[in-house]
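Structure, as structure tokens:
Each value in this text was obtained by applying a stated rule to the coordinates, not by laboratory testing. Keep in mind that this is a model prediction, so the values were computed, not measured. In this analysis, Cβ positions are derived from the backbone assuming ideal geometry, glycine residues included, and neighbour counts consider all displayed protein chains.
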Amino acid sequence: MFSQENFVVSIPTASGKTLIAELAFLDTFLKNKGKTLYLVPLKALASEKLAEFKQWEDLNMLSVTQSTGDFDSGEPDLKNYDLIILTYEKLDSLLRHGVSWMEEVKTIIVDEIHLLNDPHRGPTLEVVLVRLKRMVPLARIIALSATIQNAREIAGWLDATLISSEWRPIPLHEGVMLENTIFFPEKKITLEVTDKDPLTNLVFNSLKQGFQVLIFSNTRRSAAKLARDLMHHAKKFLSLNEKKELQDICKALEKTGESSRFLQDLIQCTQNGSSFHHAGLNFSQRKIIETHFKKGFIKALCATPTLAIGVNLPARRVIITSYKRYDLDFGLRDIPVLEYKQFAGRAGRPFYDALGESVLISKSEMEKEFIFEKYILGKPEKIISKISRESVLRVHILSSIAMGFTKTDEELHAFINDTFFLFQHPDRDLEAQVDNIRSFLLENKFISRQKGKYHPTAFGRRVSQLYIDPLSAMLLKNGLDTMIRQKKTTSLGILHLICRTPDMDKRYLRGHEEEKYLQFVKNHSTDFLFDLMFNPADPLPSMNIPEPQFYSAKEMLEKEYASSQKIELCFVDEWFLREVKTACLLFDWINEKNEEYLMNTYGVQPGDLFRYVDRADWLLYSLEQFYRLFNFKTPKIKTLISSLRLRIKYGIKQELTDLILIKGIGRKRARTLFSRGIKSLEDLKKAPAKVLVSLPSFGPELIKSFGKQLEIDPKIINRMLEKNKKKKKSQQDLQGFL
């Protein structure tokens, strides 16, 4: 098998895809002494694979590492490893930085190749594969996926041999539940009725038989509610040892974030053996839940569909509560068959279960028949390329020119012709989109053309390396021009600037919020980096645009993006107000609003907050880079941007930016010090050791770390810690006596 051929492996979940990958990279290492790239869609999956493949490093077989973050680095240390686990985006970033060791790559393993179908990750994966096929033409590609309908078509695009099978080591039985009976194609099971709700009854019966259950809900709210509803049943099946273990797990959860109703819900559910998992949890919370579900301490896990493409969390029985999902553009829609098959594929734990069962819930006989026809007996949809959108092509065409990958019109069109999209649609023509993008990049000085060849400008090359949309870059550059011209700006103005970019997700408006944010715009109009026009006779911003042209806010933004000239007018409509709401979220964060407040006001949970903060930090970093690139000479603005980055990272007011630089200090501890009169590093150096050791939540190790950083004599610190320890013990003894 392991010749230099390319392979597409399309086999069911738990059928040995990881084993094939391991054989491939071991074969590469032992025979060729070459590198293997292992590509995954998610950071969490990269971490899981690193832990799984570390066994080979422990056996001194080969060196393994992962890299998933920092898109502005070529990470030269990666050249020292034999197996490198990367997300699709990280590999794209490395290619943009022109890493020198890419020619040493002999094998490329692509996990979850069916995500070519994903509108967000798919285009990046597609472009990366096009580039790799040209850059390392002798490297073999091994693409892995669960069963997909057009695997042969993907194999054709990759010049690969298809390995396809329906065999599954743990048989999977797919069924539909109506009332209290599960109907499988070959049999039916009538459950003992212990609860009037069929779903709860199904979970109870599963737990009673000793099955762990994984339950997919279509929203975060429904997943959390179901976990709360089920915890009263799940706790009945916990042993004394499991209850003790769950108490320790919950103590760990308490340390993963600020106290909030959300975190308390998670702790309460988990303590009772039922928990929930979705993108609203932060990384630490997700990791704890995943680890202890795998260990069997959590009996029922309620998750949203994001888990289906994440880490490997199998269960004896998988329950899908609904085949409907709300779509912002189309309302309530049926989920794709491919997505259902991803859910169902989680059923059956290798080495633990003789079979796996997936169960979809129906409410009527007619619905049961529909589910059987479409999902149980149906075939997954074809994988379709999502690269044809102009917004996607714009990003990747700039990067191709910036890398020197395409220098002429012929090379540019050849690059496009190599995509999976044109392999699927040879009769389609993307020439018009490509010409529009090329003109846009030339007009806005991302690239230049000399003697028929394209060259990146310093601006275009830096934008490509920073891994942001050229439209975002232009908007940030125009924003900097405005700040310099006006010679003043505010934190809110800069936050709104980065929230206008296509790279920042916008918060949706909830009921009755439009008026609230319209009023906010009026009250803070001088903070924005563009003019707002109001009709004095109208209590709200005027919607009138001078004749003859009328634009929506979105159209005006697109017009601004498409021109190097700054538009001095903006409609105030939902599109714009969503930007304002997102800027307000970040503004409240840097003014030390707690997570409970942010959750209630903006609907953001810890995982969401991390993503907004992370993206804001990157866009502010990009703004700093453009300030340097264009050699602006306004130090106050540079200082404000740098300070704002620090405040965004830690969620602090300006007054804490000095204290936060100390290792081990977060925003809570910095605020504690500030409230005790310690407002700077100098104050901290002057503070007696006894002040440090008496501060709440400052443990001995942290105090010693402070002492080391501040060059305080360790003997003084140890003496104070010992004295404080004796004082606390005396107080506890007295309290116990009383």
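List of remarks:
- Environment charge at residue 443 (Cβ cut-off 13 Å; Lys +1, Arg +1, Asp -1, Glu -1): +3
- Building the convex hull from the alpha-carbon atoms of region 338-381 and averaging its projection over directions returns 3.6 nm².
- Taking 31 Å as the limit for the C-alpha separation, the pairs 633/653; 49/668; 54/708 exceed it in the case of 49/668; 54/708.
- Per-residue HN-Hα couplings for region 82-89 [Karplus 6.51, -1.76, 1.60; θ = phi - 60°; Hz; x = Gly/Pro]: 8, 10, 10, 9, 9, 6, 4, 5
- When you count the other C-beta atoms within 10 angstrom of each residue and take the mean per peptide, 420-428, 199-207 line up highest first as 199-207, 420-428.
- Separation between Cα centres of region 339-368 and region 147-207, rounded to whole Å: 3 Å
- Hz values of 3J(HN,Hα) by residue in region 334-344 - Karplus curve (6.51, -1.76, 1.60), Gly and Pro given as x: 6, 6, x, 4, 4, 5, 4, 5, 5, 4, 4
- Straight-distance crosslink candidates among lysines, where the alpha carbon sits under 20 Å from residue 451 and sequence neighbours closer than 8 are dropped: 407
- Take the Cα of residue 481, step 7 Å toward its Cβ, do the same at residue 408, and the gap between the two points is 3.4 nm.
- Residues within the reach of a label modelled at residue 200 (point 7 angstrom out along Cα to beta-carbon, backbone nitrogen below 20 Å), restricted to region 322-363, are 322, 360-363.
- Within the shell defined by Cβ-Cβ distances under 14 Å, the residues around residue 631 carry a net charge of +3, with Lys and Arg each +1 and Asp and Glu each -1.
- DSSP bridge orientation in the chain - percent antiparallel, rounded to nearest 5: 20 percent
- Volume in Å³ per residue [convex hull over Cα atoms, computed for region 172-376]: 123 Å³
- Treating r as the C-beta distance of residue 382 and residue 192 and R0 as 45 Å, the FRET efficiency rounds to 0.60.
- Inter-part distance where region 629-653 and region 76-98 are each reduced to a Cα centre, Å: 29 Å
- Stretching the chain fully between residue 516 and residue 450 yields a gain of 18.6 nm (0.36 nm per residue, less the alpha carbon separation).
- Using 0.36 nm per residue and subtracting the Cα-Cα separation, the extra length available between residue 333 and residue 159 on full extension is 59.1 nm.
- Dividing the Cα radius of gyration of region 396-455 by its Kirkwood radius returns 0.98 for Rg/Rh.
- On the beta carbon distance between residue 614 and residue 525, with R0 = 45 Å, the FRET formula returns roughly 0.95.
- The lysines within cross-link reach of residue 374, meaning a Cα-to-Cα straight distance under 20 Å and a gap of 8 or more places when in the same chain, are 187, 188, 324, 341, 363, 382.
- Taking Cβ atoms as reference points and 13 Å as the exclusive limit, the residues near residue 49 contribute a net charge of -3, counting Lys and Arg as +1 and Asp and Glu as -1.
- Protection proxy ranking of 495-501, 345-351, 323-329, by the mean of other Cβ atoms within 10 Å over each peptide's residues and highest first, is 495-501, 345-351, 323-329.
- Here the calculated FRET efficiency for residue 58 and residue 312, from their Cβ-Cβ distance with R0 = 30 Å, stands at 0.90, rounded to the nearest 0.05.
- Summary of the geometry: region 494-511 and region 18-75, compared by the centres of their Cα atoms, lie 36 Å apart.
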